[in-house]
Amino acid sequence: MARSKKEAKPAADIIPIERIAASIYMIRGQKVMIDSDLATLYGVETRVLMQAVKRNIARFPADFMFQLSQEEFDSWRSQIVISNPGARKGLRYAPYAFTEHGVAMLSSVLRSKRAVEINLAIIHTFIRLRHILATNEDLARKVAQHDRQISVLFEHVQKMLAPALRRAPELTHLCFAKMTQAGGS
């Protein structure tokens, strides 16, 4: 079925979800996107993106956007592939990181059609990552529960085998004695 021109394209048609997910980093215990990666996705220069943000700074509290400290900046740079380790990736200043809420707020300051489409794709990616993480946490809980159950079963089997293991030297001695008698006669 063909889409009308007014219908929005699915997020995956705009930018592959893998491309967006590769631009999400863990900084300060939060999933964030860096200003230059967002600018690239939106098809604007980082400077233009940050000018729009600074004109609307009241919309970006610290839990929506923050500038990386030098230590965070160095750590972030080590997470990405850099062909020239001496280069600063063309950055004069530490970049800004946008949380999921900060990315959502960008749609109110970047009003182009592409910005809206990209924002939807990014938000869908954050949602998908959250779902994957929740699934992994659920699996980890189930594995831990099964480990506990296996441990209990193992303890019971050991207790059941303990009397037989204590008698094992006696049985070995008796068996050896019988074999010696049978072979010696």
### Task
Could you look through region 138-167, keep only residues that are modelled with pLDDT of 75 or more and among the basic types (Lys, Arg), and pick out the one that is farthest from Gly29 (Cα to Cα)?
Lys159
### Summary
Of the residues in region 23-81, those that are hydroxyl-bearing (Ser, Thr, Tyr) and more than 23 Å from Leu129 (Cα to Cα) come to Thr46, Ser69
### Message
Lys54 - would you say it is among the charged types (D, E, K, R) and either in a strand (DSSP E or B) or modelled with pLDDT under 90 (or both)?
### Response
no
### Query
Going through region 25-46 one residue at a time, which ones are farther than 18 Å from Ile15 by Cβ and either in a helix (DSSP H, G or I) or among the polar types (S, T, N, Q) (or both)?
Gln30
### Task
Output the qualifying pairs, or none if there are none: Cβ atoms under 6 angstrom, residues six or more apart or on different chains, first residue in region 91-102 and under 18 Å from Arg77 (Cβ atoms), second residue exposed (fewer than 15 other Cβ atoms within 10 Å of the Cβ) and modelled with pLDDT of 90 or more.
Ala94/Gln67; Tyr96/Gln67
### From Arg88, Arg114, Arg128, residue being surrounded by 11 or more Cβ atoms within 10 Å (Cβ to Cβ) and modelled with pLDDT of 80 or more
Arg128
### Task
Select from region 25-49 the residues that are among the charged types (D, E, K, R) and farther than 19 Å from Arg114 by Cβ and list them in ascending order.
Arg28, Lys31
### Message
Can you tell me which condition Thr135 does not meet? The list is (1) at pLDDT 70 or above; (2) of a type in the set (Val, Ile, Thr); (3) under 24 Å from Gln67 (Cα atoms), and all the others hold.
### Response
(3)
### Message
Looking at region 38-57, I want the residues that are among the aromatic types (Phe, Trp, Tyr) and have a partner that is modelled with pLDDT of 90 or more with Cβ atoms under 8 Å, at least 6 apart or on another chain. Which pairs are those?
### Response
Tyr42/Leu49
### Task
Mind listing just one residue for me: the one in region 29-48 that is within 17 Å of the chain's Cα centre (by Cα) and not aliphatic (A, V, I, L, M) and, of those, surrounded by the fewest Cβ atoms within 10 Å (Cβ to Cβ)?
Gly29
### Message
Can you find a residue that is at pLDDT below 80 and within 18 Å of Ile15 (Cα to Cα) anywhere in region 97-107?
### Response
yes
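The values are calculated or read from the model by the stated rules, or taken from the named source; none is laboratory data. The structure presented is a predicted model; accordingly, all values stated were derived computationally and were not measured. Because the Cβ atoms are built from the backbone with ideal geometry, glycine has one as well, and the counts that use them run over all protein chains shown.
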